Amino acid sequence: MQTFSKILSVTALSVSLALGLGSAASAAPKTSFKVAWSIYVGWMPWGYASDHGIVKKWADKYGINIEVTQFNDYVESMNQYTAGAFDAVTLTNMDGLSIPAAGGVDTTAVIVGDFSNGNDAVILKDKTSLADIKGQNVNLVEYSVSHYLLARALDSVKLSERDVKVVNTSDADMVAAYKTPDVSAVVTWNPLVSTILEDPTAKKVFDSSQVPGEIIDLMVANSNVLKDNPNFGKALAGIWYETAALMKADTPEGKAAREAMGKASGTDLKGFEAQLAATRLFDKPADALSFTTSPNLPKTMDLVRNFLFQKGLLGNGAPSADVIGIEMPDGKVLGDGNNVKLRFTEAYMKSATDGSL
């Protein structure tokens, strides 16, 4: 997954700005919108769509303007969104809860784009069993989805984080760190996983395909902005499903799109398609709708919110994992119904299934 660090809570100024802009946004419809995204296999369609006229096509259909901006720093893209500088941003379900929602910004998942199905992995050096991780230092990006994956992996073999020592390591340094003699265990994401596994000592002992549907990649938007500007959400859905269908197409045009996305993400067609194979991409709205309305989603978000609470990432002094309300598509709320800050909706994906976009 994407870069993440211990910079989890935005400043009080940023939160104030976010809340102020949110109030302003609800006052009147807008005609121009700003979308932030960062490099990851499941988010490459947004850059491709911007570069190839698909964003403009759907924006023009609804008489609006959409500006799409790529961030090299994933955390910064979320902080900018939380501060109100962007109307929408790509992020994971976990990060959506721990950053904008915990920062007080009411956020709605417009598009459930994919889930990691092997892109994130636990790798040991010269060991082939996950149980061998006991007593080892584990290098990962602290408090990221890698940290969450480690927790899920340890639980599967009846171990806990007390049985290992987490060593906070930047994703930029992960490959080099693995090559050093004192690093024997890492948890990271593609394309770093693929690079590390080229080393004959590297053994993958657990990956996200063993916890399917838990590391979810989203396009989210400010709930107030969406409420006043539903056409913005419809345009985002149109952009996503047109581009994702092209991305998955077994045609010369589909191959060219994947090649372009691979190049833009720093790999080639083969490398990009390998990452895509480890991703459950929802290119069909009906599949996304089925996943989003499944009873498994509340279970996943319960695991995620409890992990974040245990790490102290739901706000200073949070009394329990219930501190932030998470609304499901059926209207049921996980947590505090008076403090709903993260919402899953089927509205825009449903529009894509019934042809009303």
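At a glance:
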{"quantity": "Check on Pro285, surrounded by fewer than 19 Cβ atoms within 10 Å (Cβ to Cβ) and either in contact with a Lys or Arg (Cβ under 9 Å, 6 or more places away or on another chain) or in contact (Cβ under 8 Å) with a residue 60 or more places away in the chain (or both)", "calculated": "no"}
{"quantity": "Odd one out for Lys57 among (1) modelled with pLDDT under 95; (2) exposed (fewer than 15 other Cβ atoms within 10 Å of the Cβ); (3) in a helix (DSSP H, G or I)", "calculated": "(1)"}
{"quantity": "Test: residue in segment 331-339 that is assigned to a helix (DSSP H, G or I) and buried (at least 19 other Cβ atoms within 10 Å of the Cβ)", "calculated": "no"}
{"quantity": "Selection count where residues are modelled with pLDDT under 95, more than 15 Å from Gly96 (Cα to Cα) and either among the aliphatic types (A, V, I, L, M) or part of a helix (DSSP H, G or I) (or both), scope segment 311-330", "calculated": "1"}
{"quantity": "Count - residues of segment 170-188 that are surrounded by fewer than 16 Cβ atoms within 10 Å (Cβ to Cβ), in a helix (DSSP H, G or I) and not small (Gly, Ala, Ser)", "calculated": "1"}
{"quantity": "Selected residue (criterion: surrounded by the most Cβ atoms within 10 Å (Cβ to Cβ)) from residues of segment 189-218 that are β-branched (Val, Ile, Thr) and at pLDDT 95 or above", "calculated": "Ile216"}
{"quantity": "Hits in segment 300-315 (condition: of a type in the set (Gly, Ala, Ser) and touching a residue at least 40 places away in the same chain (Cβ under 8 Å))", "calculated": "Gly315"}
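The values are calculated or read from the model by the stated rules, or taken from the named source; none is laboratory data. This one's a predicted model, so the numbers in the text were calculated from it and none came from an experiment. When we count neighbours, we look across all protein chains shown, and the Cβ atoms used for this are built from the backbone with ideal geometry, even at glycine.
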